[in-house]
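Worksheet: one structure, shown below.
The values are calculated or read from the model by the stated rules, or taken from the named source; none is laboratory data. Everything quoted here is computed from the prediction, not taken from an experiment. Neighbour counts run over all protein chains shown; Cβ positions are idealised from the backbone, glycine included.
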Ligand SMILES: NC(=O)c1ccc[n+]([C@@H]2O[C@H](COP(=O)([O-])OP(=O)(O)OC[C@H]3O[C@@H](n4cnc5c(N)ncnc54)[C@H](OP(=O)(O)O)[C@@H]3O)[C@@H](O)[C@H]2O)c1
């Protein structure tokens, strides 16, 4: 086994990038050396990490000449499309957080609790799924294994941190139509039924990502799925109402047992004591919290549940670092 590995962090100054650093500090891998990259804008930024001062450098076409073993990318799709192939050519394995490669057939799309066996099929690039999809498939996978999913209806309540630093600023600054940096309308005191761009069919790209990525990760192209994704004025942690119909009937106590024992899931379901997943409790955690579990009486074999996860941690940084851990 190699003594030490070199890891490049691309987008280290962003919301996801900073969380990569936080999670890497928590894990404190003994055999990794790091280099941090950003755009020209913030090149030279000093970042305290693992007790040392690092300086983030501008990402250029020569950045991967230094023989990196791995790179964590969180700098958007365009940067990934341009620089990930350069990194791969230099024998660096890339874990990318953008949507650039997720649906490419030869790129595994990984949630380590769900499809870790697909990691080994990679040809240099591994894609980290969309944040809202990751937190949905973690509790859905063990239920699919037991009852076989037929149809899913997703309704999401997504935090502004999912739109990066500028999105967070729009909420915290209570931006108005004239001062907005990210959203098309004020997000303060508002809910926007609009995440990512609109497609010709009336759905948003975020909704399509949830549909397509769920099928790819679960390896179930036959599942019928629809989604409505909403941006809400919450700083961090996405909430999702999931309505799921199975081929086979279930017993609610068995469903609770399955979720209680599922890897990466915390069951938080005591409605009579006002206990259910809340962004304020889930913030900073890596597990997906699930509650409000109940039968949908309007349709056979159908379940309703509410799940909340930290979209910057499990929805991005922690999931990517779990993948890295498997590669190491
Ligand atoms: N936020 C989430 O919940 C979430 C979840 C899953 C996936 N993602 C994905 O992760 C990526 C980053 O998201 P974020 O929320 O961290 O965004 P962000 O806060 O806006 O950060 C973007 C990062 O990319 C860097 N960057 C921008 N242009 C660059 C360039 N030309 N060369 C090198 N670096 C460049 C920025 O550097 P500067 O500081 O120099 O601008 C910054 O470090 C996106 O692809 C996003 O879709 C985000």
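Observations on the structure shown:
- Odd one out for residue 184, checked against (1) under 25 Å from residue 15 (Cβ atoms); (2) away from the ligand (no atom under 15 Å from the Cβ); (3) part of a helix (DSSP H, G or I): (3)
- Residue check, residue 195 assigned to a strand (DSSP E or B), surrounded by 17 or more Cβ atoms within 10 Å (Cβ to Cβ) and touching a helix residue (DSSP H, G or I) at 6+ places or on another chain (Cβ under 9 Å): no
- Of all the listed residues (87, 100), the sole one being within 9 Å of the ligand (Cβ to nearest atom) and either more than 17 Å from residue 12 (Cβ to Cβ) or surrounded by 17 or more Cβ atoms within 10 Å (Cβ to Cβ) (or both) is 100.
- Residues that are touching a residue at least 60 places away in the same chain (Cβ under 8 Å) and either more than 16 Å from the ligand (Cβ to nearest atom) or more than 19 Å from the chain's Cα centre (by Cα) (or both), drawn from the range 164-181: 171, 172
- Considering 152, 95, the condition of being closer than 21 Å to residue 6 by Cβ and in a strand (DSSP E or B) is satisfied by 95 alone.
- Residues of the range 129-154 that turn out to be surrounded by 24 or more Cβ atoms within 10 Å (Cβ to Cβ) and at positive phi, as a count: 0
- Considering the range 1-76, the qualifying strands (runs of 3 or more DSSP E), each wholly inside and each with 3 or more residues that are within 13 Å of the ligand (Cβ to nearest atom), run over 5-10, 32-38, 70-73.
Conditions (1) out of contact with any strand residue (DSSP E or B) (no Cβ under 9 Å at 6 or more places or on another chain); (2) within 14 Å of the ligand (Cβ to nearest atom); (3) under 17 Å from residue 323 (Cβ atoms); (4) in the same structural domain as residue 258 (by TED's automatic domain parsing), marked per residue:
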{"site": "114", "(1), (2), (3), (4)": "yes, no, yes, no"}
{"site": "143", "(1), (2), (3), (4)": "no, no, no, yes"}
{"site": "162", "(1), (2), (3), (4)": "no, yes, no, yes"}
{"site": "195", "(1), (2), (3), (4)": "no, yes, no, yes"}
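- Verdict on residue 217 being more than 29 Å from residue 16 (Cα to Cα), outside the structural domain of residue 115 (by TED's automatic domain parsing), touching a residue at least 40 places away in the same chain (Cβ under 8 Å) and surrounded by 15 or more Cβ atoms within 10 Å (Cβ to Cβ): no
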